[in-house]
1. Could you work out the longest stretch of the chain that avoids the GluC sites (Glu not before Pro) located in DSSP loops with at most 16 other Cβ atoms within 10 Å?
2. In the structure displayed, which of Lys49/Lys250; Lys66/Lys202; Lys35/Lys66; Lys189/Lys211 lie more than 28 Å apart, Cα to Cα?
3. Check cross-link reach from Lys224 to the aspartates and glutamates: straight Cα distance under 15 Å, and skip same-chain residues fewer than eight apart.
4. Classify region 194-259 from the C-alpha gyration tensor, please: rounded if a/c falls under 1.5, else prolate or oblate depending on whether a/b exceeds b/c.
5. Restrict the search to region 110-210; then list the chymotrypsin sites (Phe, Trp or Tyr not before Pro) that DSSP places in a loop and that have at most 16 other Cβ atoms within 10 Å of their Cβ.
6. For Asp278 and Leu94, FRET efficiency with R0 = 35 Å and r from the beta-carbon atoms, rounded to 0.05?
7. Mind checking the dipole of the chain: about its Cα centre, +1 per Lys or Arg Cβ, -1 per Asp or Glu Cβ, Debye to the nearest 20?
8. Going by Cα centres, region 186-221 and region 96-172 are how many Å apart?
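Just so it is clear, none of the values below were taken in a lab; they were calculated from the coordinates. Small disclaimer: the values here were computed from a predicted structure and weren't measured. Cβ placement follows ideal geometry from the backbone for every residue including glycine, while neighbour counts extend to all protein chains displayed.
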Amino acid sequence: MSRNTPQAIRGTQDIFGAEAEAFAFVVETFERVRKLYRFRRAEMPVFEKTEVFARSIGETTDIVSKEMYSFEDRGGDSLTLRPEFTAGIARAFLTNGWQQHAPLKLATHGPLFRYERPQKGRYRQFHQIDAEIIGAGEPQADVELLAMADQLLRELGITGVTLHLNTLGDGDSREAWRAALVEHFRAVKDELSEDSQERLEKNPLRILDSKDRRDQRFVADAPKIDQFLSDDARAFFDAVTSGLDAAGVKWTRAESLVRGLDYYRHTAFEFVPDEGSDAAAKLGSQSTVLGGGRYDGLMESLGGPVTPAVGWAAGIERLAMLVGEKGEEPVEAMLVVEDETYLASATRLVREIRGEGYTAELFATGSPRKRFDKAVKQNPQALLVVKPDGYWGATDEGALNPAIGKLLRSFGPSSPRT
């Protein structure tokens, strides 16, 4: 490779081979499961006006202040490559009149962009699957969404992962809890990490999920949300947990699991690898497999009416790491052309085989011996050499899929191998 060859941008990746097959398996499984739950497909713009994310995610968050890819276009507008899906979906719900479809069950997937330090399972261009239920304020919407996520992980073959669940309460409960947390951490402010000192007044809930040891010793005896839950908020959480039990979704209470932004309400959740599991070993410090929560106040931040909503997202790269390497699907028929004289006939035959929904490949370049050797290495179900009087098979014809065998017989008589 020449020294002048441009290199890939740091934090991006070229996905190929077994990794690409695992990536595709995740997306294909997600598409199949979302159809089972009747989530409608949406395609969202890759960039939005910067204010969409600044107003919805929060200007004081690391995402907005440090990680967004923002630029000014030729018209002078500030635009941003999407760092997450929910804000753009909320904007589309309000600007496209999607309220008429509420409660709207919606799913999407694609690339996202954040300028952060690349590490295992985390990139500056990364990919997520995303599911949202907008316009449904009932606990059953949370149960439906979590049951879908649980089924997705099971159908991906991912084990050793548990749903961690918490409640943030309703608006009044959350505000009372927030005030108690400020008072608690203010008493030890000088002993907190620099990040937590900065978050104390603006976003004290974030201190609860800090990984810094200086903070963790004060988190254990911090006020708990249960002390501040209203009767309605407690009933909501009870309905979610009983619904999950009925759906057969295993969960564990995680009192330190929070969402820092003010528009989050009630349910917060993450699917996390169990300690010592194969999933934990594969992901390392990037422990969350899938996460989300209820964000009943988001639409108001974008100028819309009060609209309850709940959603989750999961990184495709992380899921693909847990799925493991996936080889290409086995080829059902390989056709080797003896020489170009029979290429047209072989092309017609391979097209008909594919038209019936079977995988097939045609070898027509290189020496006849090399063509044959390449085809053998693919270990196909049927290996056929096309000749002027039909074909001969290097595979027992009785082992052929009946539909392929029927197509071959319509092409011409089989010849014994010579």
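1. Result for the longest clean stretch: 117-254.
2. Over 28 Å Cα-Cα: Lys49/Lys250; Lys35/Lys66.
3. List returned: Asp170, Asp172, Glu175, Glu183, Asp209, Glu255.
4. prolate
5. Passing sites in region 110-210 are Tyr115.
6. About 0.25, to the nearest 0.05.
7. Result for the chain is approximately 1200 debye, rounded to the nearest 20.
8. Spelled out, the Cα-based centre of one part sits 27 Å from the other.
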